[in-house]
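Before any comments, here is the structure.
Throughout, read-outs are computed from the coordinates displayed, never taken from laboratory work. Owing to the predicted nature of the structure, the values given are computational and were not obtained by experimental measurement. Ideal geometry is used to build each Cβ from the backbone, glycine not excepted, and the neighbour counts take in all protein chains shown.
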Amino acid sequence: MGMYTGLRFKGIIKPEYRTIINNQQTDNTNKIIQAIRGSMTDRNGYELVFSKRVYNVIFDPSNMYKMSDEKKNILKDIMYTNLKVTAQDIDNAINQSDRKYIIMKKSVDKDVKELLEEEFSSKKIPGISFEEDFKREYLGGSFACHLIGFATNGTGRWGLEYEYDKYLKGDYGSIKYYSDAKGNRLNLEEAMKE
């Protein structure tokens, strides 16, 4: 990248090579947006069933295995205190250094996610990200479960959840954007700069 910048300022790069260089430094990404399953209400408009936004805690061991023992201990303390993930589970995950994606904890509430993000950022703990997910909430618990039914992985499996699945399911969407070599999003003007 430094070589390209230096050559560019000197005006040595031919226009036909600029496109090739820009394509090597940017990536056109198409991110899938998960559909939110619809809610069910009673005749008075009270929600009986809805989808709650939650987050999965993701480890990237390929970025974590070289962490100092001090940072590993800080990570273990934070994970156990907030999510009850054991030190042994964390060690097992980090030692899988050939992997880039391990779900360490599912269905973490937004407030806990924000607290963890702040902790990991302030302590400079690498290789941890959060993935948005949805959890189905049934306000009555097991009340009328034989009628309402249930859904798993965004699909109705029984009862009204199954019967009205095509209406409740929703459609997936997508976002297209450009990113640099490190995965940072670029606005279109930035990505198209010569």
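The table that follows gives values for the structure above.
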read-out: Unsatisfied cross-links (Cα-Cα over 20 Å) in the set Lys71/Lys106; Lys71/Lys124; Lys110/Lys176; value: Lys71/Lys106; Lys110/Lys176
read-out: Cα centre as origin, Lys/Arg/Asp/Glu Cβ charges: the stretch 54-153 dipole, Debye; value: 180 debye
read-out: Rg/Rh ratio calculated on Cα atoms of the stretch 31-96 (Kirkwood radius); value: 1.24
read-out: The stretch 101-116 versus the stretch 69-89: alpha-carbon centroid distance in Å; value: 13 Å
read-out: Dipole of the stretch 49-100, positive end: most advanced residue of Tyr55, Gln88, Ile74 [Cβ charges, Cα centre]; value: Tyr55
read-out: Highest-first arrangement of 72-83, 159-170, 137-148, where packing means the average Cβ count within 10 Å; value: 72-83, 159-170, 137-148
read-out: Prolate/oblate/rounded label for the stretch 26-158 (Cα gyration tensor, a/c 1.5); value: prolate
read-out: Alpha-carbon gyration tensor eigenvalues x 5, square-rooted, for the stretch 124-163, Å; value: 32, 12, 5
read-out: Modelled FRET efficiency - R0 25 Å, Lys84 with Ser142, Cβ distances, 0.05 increments; value: 0.50
read-out: Rg over Rh [alpha-carbon atoms, Kirkwood Rh] for the stretch 64-117; value: 0.96
